[in-house]
Amino acid sequence: MATQPATATAKATPSATVTTADVSLTALLPTPTPTATPLPTPAYAPTPDGEVRTLRVPVLMYHYLSVPPADADIYRLDLSVPPDLFAEHLDRLLAEGYTTISPYDLAEALQRGAELPEKPILITFDDGYRDNYENAFPLLRERRMQATIFVVTDFIDEERPAYLTWGMAREMLANQIAIESHGRNHAGLAEKDDDYLVWQALGSLETIEHE
């Protein structure tokens, strides 16, 4: 696959000079016009039945589900949603006719053509903070709504107090909350080699599956 725009190259043709007696005639050939080589159309990943499908499904992504502390920095403030506001979000979604789905439901619809609700929506949480269990989970369970939490597995293994425990994760998994990978330690992945990326992605998945 081409990774850079195609660059057209043109071969310059020198002008020809013809001399007859005392008359000099310069014959200029037409200037070549550069033509861009079209880039190949990217191939879609194959599906089991050979069909290519596209869907438009909204995703609501959250981080902290709590009121920020008084000394919170700008990141904590920007990434926080109070529980009462989250409850309003959920009630509004239900009133508007939305049905929560899981990433697996979406994958089945894209890969195999499985039917989705009329107005599907994904609710997700990044990082796996403990307030997802303490505040978001009860509100979702009351309304029988699904969600997906992308956890940082090393933070759970290290028993950091701000993050979920594996016991909390297992309880939520049994109640329509999918637990997925957000890497091992939330490290930046830019300019990392393939071995490091595999360690982050597959290592965290193996930990989740083991737990």
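Taking into account only those residues within segment 50-68 that are of a type outside the set (Ser, Thr, Tyr) and exposed (fewer than 10 other Cβ atoms within 10 Å of the Cβ), which is modelled with the lowest pLDDT?
GLY50
State yes or no: is GLU191 in a loop (DSSP other than H, G, I, E, B), at pLDDT below 80 and of a type in the set (D, E, K, R)?
Yes, satisfied.
Can you name the number of the only condition in (1) surrounded by fewer than 18 Cβ atoms within 10 Å (Cβ to Cβ); (2) at pLDDT 95 or above; (3) in contact with a Pro (Cβ under 8 Å, 6 or more places away or on another chain) that ASP105 fails?
(1)
Within segment 152-183, track down each residue that is within 19 Å of THR100 (Cβ to Cβ) and not charged (D, E, K, R).
Matches in segment 152-183: ALA169, MET172, LEU173, ALA174, ASN175, GLN176, ILE177, ALA178, ILE179.
Residues are listed down the side, and each one gets a yes or a no for (1) touching a residue at least 12 places away in the same chain (Cβ under 8 Å); (2) within 30 Å of ASP49 (Cα to Cα); (3) in contact with a Cys (Cβ under 7 Å, 6 or more places away or on another chain); (4) polar (S, T, N, Q):
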{"position": "GLY97", "(1), (2), (3), (4)": "yes, no, no, no"}
{"position": "PRO103", "(1), (2), (3), (4)": "yes, yes, no, no"}
{"position": "ALA107", "(1), (2), (3), (4)": "no, yes, no, no"}
{"position": "PRO117", "(1), (2), (3), (4)": "yes, yes, no, no"}
{"position": "THR124", "(1), (2), (3), (4)": "yes, yes, no, yes"}
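How many residues, within segment 158-187, are farther than 19 Å from ASN132 by Cβ and either buried (at least 16 other Cβ atoms within 10 Å of the Cβ) or modelled with pLDDT of 75 or more (or both)?
Number of matching residues: 0.
The values are calculated or read from the model by the stated rules, or taken from the named source; none is laboratory data. If you're wondering where the values come from, they're calculated on a predicted model, not measured in any experiment. Positions of Cβ are generated from backbone atoms using ideal geometry, with glycine treated the same way; all protein chains shown enter the neighbour counts.
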